[in-house]
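This report concerns only the one structure given below.
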Amino acid sequence: MNAVKLIGNVGREITVKEFEGGKLATFSLATSETYLNRNKEEVTTTAWHTIVAWGKLAQSCEQLLAKGKLVAVEGRLNYRQYQNKEDQTVKVIEIVANKI
């Protein structure tokens, strides 16, 4: 099973592209984790995730989300790669959302 659930803050404004078949929305999501280190000091780490939404969900993201807003995302991990202009292979890991 390929399932992801994240709660975090939108990291940048939503980017929306329109195609013949609908819309594609992408945005970054920051999730934070806090723990105590060996010296009993509180340490917070932040992970950044790329979120992709299609169709009606993309349209909802465009209307409702903004930078800094707290949001819960459910979806699946997607791994893909492509060749850039310098003919280098670029690997991408993203979450394809099915519920936001």
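The values are calculated or read from the model by the stated rules, or taken from the named source; none is laboratory data. Every value quoted in this text rests on a predicted model; they were computed, and no experiment measured them. Using ideal geometry, Cβ is built from the backbone for each residue, glycine included, and neighbour counts are taken over all protein chains shown. With ligands, DNA and RNA removed, areas are computed over all heavy atoms of the protein, side chains included. Shrake-Rupley method; radii C 1.70, N 1.55, O 1.52, S 1.80 Å.
Just the residues that are on the phi > 0 side of the Ramachandran plot and out of contact with any Leu (no Cβ under 9 Å at 6 or more places or on another chain), please, taken from the stretch 53-100.
68, 87
Every residue, every condition in (1) under 11 Å from residue 97 (Cα atoms); (2) of a type in the set (Gly, Ala, Ser); (3) without any contact (Cβ under 8 Å) to a residue 12 or more places away in the chain, yes or no:
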site: 7; (1), (2), (3): no, no, no
site: 18; (1), (2), (3): no, no, yes
site: 40; (1), (2), (3): no, no, yes
site: 44; (1), (2), (3): no, no, no
site: 49; (1), (2), (3): no, no, no
site: 52; (1), (2), (3): yes, no, no
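Starting from the stretch 67-80, keep only residues that are small (Gly, Ala, Ser), then list their pairs with residues that are open to solvent by less than 90 Å² (accessible area, probe 1.4 Å) and part of a strand (DSSP E or B) whose Cβ atoms are within a distance under 6 Å, requiring at least 6 positions of separation or different chains.
Correct list of pairs: 68/9; 75/4; 75/95; 75/96; 75/97.
Is it the case that residue 94 is touching a residue at least 24 places away in the same chain (Cβ under 8 Å) and either among the small types (Gly, Ala, Ser) or not in a helix (DSSP H, G or I) (or both)?
yes
Being open to solvent by less than 60 Å² (accessible area, probe 1.4 Å), more than 12 Å from the chain's Cα centre (by Cα) and of a type outside the set (A, V, I, L, M, F, W, C) is the filter here, so list the residues in the stretch 46-76 that pass it.
Within the stretch 46-76, 55, 60, 68 qualify.
Being farther than 18 Å from residue 5 by Cβ and among the aliphatic types (A, V, I, L, M) is the filter here; which residues of the stretch 41-61 pass it?
43, 58
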